[in-house]
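Step one of this worksheet: look at the structure below.
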Amino acid sequence: MECFILAGGQSRRFGEDKILFRIGSRRTVEYVIETARKVCDRVALVVKERERFRDIGVEVLEDLLPDRTPLAGILTALKSAEGSRALILGGDMPLIKEEVLRLLMEEFREPVTLFRTNRKVQTLVGVYSKGITELMEEYMKMGGRSVIGFLEVVGFKVIPEERLKEVDPELVSFTNLNTKEDLRTVLERIGWT
């Protein structure tokens, strides 16, 4: 399977570029890349400015649309995918576990499979069918920008939290690096505090 890591956000709440922020010797997104490489043959970043990622060590794709929305990144990924489906990940989840990704891929059902944690659908840890690309383009042409709004149109499978906790009991995989407080949580989880 191919994996596309979305790295085009603005990092407003973090105060600096969270994707390229160094945690120890590596940047945030490099932790995500490392885990994705364990389960996928192809790993690529989807970004707004390719030049900023020239030394990252994986294929870098520039968003096909100027919109700074995750949906634009997902569309770029699906249009670039060679296979019938793709693993989509957010680039700000340095604690994502290999076992979580394997579970997601094993449980995939058309057209999209995701997790729900703490009653929130995790749209940026999912497997998406390439077959929804045209519908996504139409949705965006009509002004749609919300990933969950689109998913409500096409439908999706949710893997129950109880099943997820079998491979990630504390749900650490879903720790996003959105704020400096989140950074403290990440550092605690990897034992650096």
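Only the coordinates and a few stated rules stand behind these numbers; no lab work does. This is a predicted model, so every value here is computed, not measured. FYI the Cβ positions are ideal-geometry reconstructions off the backbone, even for glycines, and counts take in every protein chain you see.
Data table
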quantity	calculated
Two-site label geometry, Met142 and Asp67: point separation in nm, points 7 Å out along Cα→Cβ	1.2 nm
Calculated FRET value between Lys38 and Lys165, using beta carbons and R₀ = 22 Å, to 0.05	0.60
Under 5 Å, built H, 5+ apart or other chain: amide partners of Arg85	Lys130
Pairs of lysine residues in the chain - Cα separation under 13 Å, sequence separation of 8 or more or cross-chain	4
Length released on extending from Thr179 to Thr117, taking residue separation times 0.36 nm less the Cα-Cα span	20.4 nm
Under-5 Å amide H pairs with Arg116, H placed in peptide plane, nonlocal only	Gln122, Ile159, Glu161
Convex hull volume per residue for the range 2-189, taking Cα atoms only, in Å³	113 Å³
Label zone at Glu134, where the point sits 7 Å out along the Cα-to-Cβ direction: the range 58-82 residues whose backbone N lies under 16 Å	79
Residues Met1, Met136, sorted so that the one with the fewest Cβ neighbours within 10 Å comes first	Met1, Met136
The chain, helix-only ellipticity at 222 nm - DSSP H runs n ≥ 4, -39,500 (n - 2.57), divided by all residues, nearest 500	-9000 deg cm²/dmol
Amide H partners (placed H, <5 Å) of Leu61, local residues excluded	Leu45, Val46, Val47
